[in-house]
Structure formats: C-alpha cells, structure tokens
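A.B. asks: One structure is given below, represented as structure tokens, and several questions about it will come after.
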Amino acid sequence: MIAGWAAVLTALIYLCALFAIAHYGDTRPRLFKGTWSRPFIYAMTLGVYCTSWTFFGSVGYASEKGLEFLPIYIGPILVVGLGYRYIQRIIRLSKSQRITSVADFVASRFGKSQAVAGVVALIAVVGAVPYVALQ
C-alpha cells in the first residue's frame, strides 16, 4: 500500500515541477530568448516525449512484445542524428516561405493550394488524435 502512495506522490511532484518550469518560462520569457537556452528547451521537450511514451506505451508494449518497442526510440534518434542537414533545409525553406505548419509545407510544394493544405491538415488531425488521447 505504501508503494502505491509513493508512486502517486512522485507523479504529483513531477507534475508540479513541470508546471513550475512552464510558469517560470511564461513569466520570464526574455530569459529564454537567447541561443544558450535552446539546447535546454530541446532536451526538456525530448524528455517529455520520451517520458510519455515510456510511461504509456513502451513499458506495456515491451512487456508483451519484447524488443519490438525499440523503433519508437530509434526513429527519432536516426532522424535527429543522421537527418540533421535535411532538417536544416526544411527549416531554411520554412523561414523563407513563412511556412508555419505541415499543411502549409506540403501545399507550398503544390503551388500553395488551399485544397491540398486542407486535406493535409485533416490527415494530420486524424493522425494526431490517438496520440492526444494517449496523453
């Protein structure tokens, strides 16, 4: 019974810490404008991604399927590690074309078609719903 309360208490402390960090970032935004904070912010977002997948997805999946859960982590590692130049090209193109979403990006490849952007946005929303539900 004590172990259950310890897990709940640890989860609450972790949640409070995340909210405290978010509140600190919202109340002091100029502190995070420099380039020194970008690696820290990236590491925090990657930690949230990995934490949610580990807690909700990977542990249960690994207990059932063994090592088949590894692609969840290998994919992002390969994209960030090996696809760095490709990501840079996408960022450069997005800044020059003032692209703010995946739908804008794909539509820009088809003459900024609003129909294409609408279809891509719909696919992105439908694809994201299971992940939002997982959170």
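The values are calculated or read from the model by the stated rules, or taken from the named source; none is laboratory data. It should be emphasised that the depicted structure is a prediction, and the values quoted were computed from it without experimental measurement. FYI the Cβ positions are ideal-geometry reconstructions off the backbone, even for glycines, and counts take in every protein chain you see.
A.B. asks: Kindly evaluate Val120 against the criterion of being surrounded by 12 or more Cβ atoms within 10 Å (Cβ to Cβ), assigned to a helix (DSSP H, G or I) and either in contact with a helix residue (DSSP H, G or I) (Cβ under 7 Å, 6 or more places away or on another chain) or at pLDDT 80 or above (or both). Break it down stepwise before answering.
C.D. replies: Values: surrounded by 12 or more Cβ atoms within 10 Å (Cβ to Cβ): yes; assigned to a helix (DSSP H, G or I): yes; either in contact with a helix residue (DSSP H, G or I) (Cβ under 7 Å, 6 or more places away or on another chain) or at pLDDT 80 or above (or both): yes.
Yes: the conditions hold for Val120.
A.B. asks: Name every residue in the stretch 108-117 that is assigned to a helix (DSSP H, G or I) and not β-branched (Val, Ile, Thr), in order of residue number. Don't jump to the end; show me each part of the working.
C.D. replies: Narrowing the stretch 108-117 to residues assigned to a helix (DSSP H, G or I): 108, 114-117.
Those that are assigned to a helix (DSSP H, G or I) and not β-branched (Val, Ile, Thr): Ser108, Gln114, Ala115, Ala117.
A.B. asks: Scan the stretch 75-86 for residues that are assigned to a helix (DSSP H, G or I) and surrounded by 12 or more Cβ atoms within 10 Å (Cβ to Cβ) and jot them down.
C.D. replies: Filtering the stretch 75-86 down to residues assigned to a helix (DSSP H, G or I) leaves 75-82, 84-86.
Within the stretch 75-86, Pro76, Val79, Val80 qualify.
A.B. asks: Hey, another quick one. Yes or no: the stretch 65-83 includes at least one residue that is aromatic (Phe, Trp, Tyr), at pLDDT 80 or above and farther than 30 Å from Ala20 by Cβ. Don't jump to the end; show me each part of the working.
C.D. replies: As a first pass, look at the stretch 65-83 and keep what is aromatic (Phe, Trp, Tyr): 69, 73.
Going one step further and asking which of them are at pLDDT 80 or above, we end up with none.
No, the conditions are met nowhere in the stretch 65-83.
A.B. asks: Take the conditions assigned to a helix (DSSP H, G or I), under 17 Å from the mean Cα position of the chain (by Cα), under 19 Å from Tyr131 (Cβ atoms) and free of Cβ contacts under 8 Å to residues at least 24 places away in the same chain and apply them to Tyr61. Does it pass? So that I can check it myself, show each step before the final result.
C.D. replies: Numbers: assigned to a helix (DSSP H, G or I): yes; under 17 Å from the mean Cα position of the chain (by Cα): no; under 19 Å from Tyr131 (Cβ atoms): yes; free of Cβ contacts under 8 Å to residues at least 24 places away in the same chain: yes.
So Tyr61 fails the test.
A.B. asks: Still on this structure, please answer the following. Could you give every pair whose Cβ atoms fall below 6 Å, whose first residue belongs to the stretch 105-130 and is in contact (Cβ under 8 Å) with a residue 12 or more places away in the chain, and whose second residue is small (Gly, Ala, Ser) and not in a helix (DSSP H, G or I), counting only separations of at least 6 or pairs across chains?
C.D. replies: Ala107/Ser113
A.B. asks: Name every residue in the stretch 123-135 that is under 30 Å from Leu15 (Cβ atoms) and in a helix (DSSP H, G or I), in order of residue number.
C.D. replies: Within the stretch 123-135, Ala124, Val125, Val126, Gly127, Ala128, Val129, Pro130, Tyr131, Val132, Ala133, Leu134 meet the criteria.
A.B. asks: One residue is enough: does the stretch 92-107 have a residue meeting the conditions outside any loop (DSSP other than H, G, I, E, B) and exposed (fewer than 10 other Cβ atoms within 10 Å of the Cβ)? Write out each step before concluding.
C.D. replies: Step one: filter the stretch 92-107 for residues outside any loop (DSSP other than H, G, I, E, B), giving 92-97, 102-107.
Now narrow it down to the ones that are exposed (fewer than 10 other Cβ atoms within 10 Å of the Cβ): 95-96.
Yes - at least one qualifying residue is present in the stretch 92-107.
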